[in-house]
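The structure appears right after this line, and notes come after that.
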Amino acid sequence: MHDVRAVAYGQVDDIDDVIRVCKLFPDAIVVDYLDRAQLTSIAKYMGVMTMGGEEMTRIGLKTRLRSIVKEDRELYFEGLQGLTRAELSQCCEMRGLPSDGLLKAEYMDLMNQWLQLAVEKRVPTSLLVMSNMLSILRKEDNIETMLSSAVSMLNEDVVKEVRICGTDEE
């Protein structure tokens with residue numbers, strides 16, 4: 001878990017090492033351990049209802065993330081070429097990516113970057129969403145560069161849970 005702390009503190013420059021650490025955090029565990037403020041912020045950002053209490057919000061967010069994961073696989077294997085500008089905009093909006101006023105090519109670039117991280121590199125969708133939120137706040141163009149900041153947002157309980165799950169699987 002030394003690597004996790006190093007990534008969280010920005011001490012790792014190699015993006016492949018950051019991605020390797022990100023893969024340790026499944027969406028379900030990340031969502032389960034979000035504090036109330038994080039949960040509400042991410043849910044609102046993703047257009048998930050926040051009424052009905054924390055547990056309902058967690059269920060809604062997990063459902064949205066599973067839906068995105070499924071659609072990402074389909075889009076990756078079918079390709080984006082057949083999608084209209086409006087469909088690409090909707091795909092970006094669903095993932096919390098910029099979705100207003102871009103050209104079709106710009107939407108395709110955003111989605112291709114997302115799909116490369118989500119499907120090819122298997123970065124958990126929850127961390128991609130958090131990374132994207134941070135990239136917008138910090139006016140970064142590349143969500144990949146914000147992945148270590150997303151890991152740093154995770155509380156210590158998530159790291160402990162991942163450590164326990166990793167030990168169980170060995």
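Observations on the structure shown:
- Evaluated against (1) surrounded by 12 or more Cβ atoms within 10 Å (Cβ to Cβ); (2) modelled with pLDDT of 95 or more, Gln90 falls short on exactly one condition, (2).
- Positions within the stretch 60-92 being touching a Phe, Trp or Tyr at 6+ places or on another chain (Cβ under 9 Å) and at positive phi, in sequence order: none
- Of all the listed residues (Val18, Val31), the sole one being within 16 Å of the chain's Cα centre (by Cα), part of a helix (DSSP H, G or I) and over 11 Å from Leu154 (Cα atoms) is Val18.
- Residue within the stretch 128-146 that is assigned to a loop (DSSP other than H, G, I, E, B), β-branched (Val, Ile, Thr) and under 18 Å from Lys70 (Cα atoms) present: no
- Some residue of the stretch 77-85 being open to solvent by 50 Å² or more (accessible area, probe 1.4 Å) and within 17 Å of Lys121 (Cα to Cα): yes
- When Leu110, Leu102, Leu115 are checked against the criterion of being open to solvent by less than 20 Å² (accessible area, probe 1.4 Å) and either charged (D, E, K, R) or out of contact with any Lys or Arg (no Cβ under 6 Å at 6 or more places or on another chain) (or both), a single residue qualifies: Leu115.
- Scanning the stretch 106-154 for residues that are of a type in the set (Asp, Glu) and over 12 Å from the mean Cα position of the chain (by Cα) turns up Glu106, Asp109, Glu120, Glu140, Asp141.
- When the helices (runs of 4 or more DSSP H) confined to the stretch 35-108 are screened for residues that are aliphatic (A, V, I, L, M) and under 22 Å from Met153 (Cα atoms), those reaching at least 3 such residues are found at 36-45, 54-78.
- Single unsatisfied condition, Ala6 versus (1) open to solvent by less than 40 Å² (accessible area, probe 1.4 Å); (2) under 13 Å from Ala150 (Cβ atoms); (3) at pLDDT below 90: (2)
The values are calculated or read from the model by the stated rules, or taken from the named source; none is laboratory data. From a predicted model like this one, the values you see are computed outputs, not experimental measurements. A quick note on method: Cβ atoms are made from the backbone with ideal geometry, for glycine too, and the neighbour counts reach across all protein chains shown. The accessibility values were calculated without ligands, DNA or RNA, using every heavy atom of the protein model including side chains. Shrake-Rupley method; radii C 1.70, N 1.55, O 1.52, S 1.80 Å.
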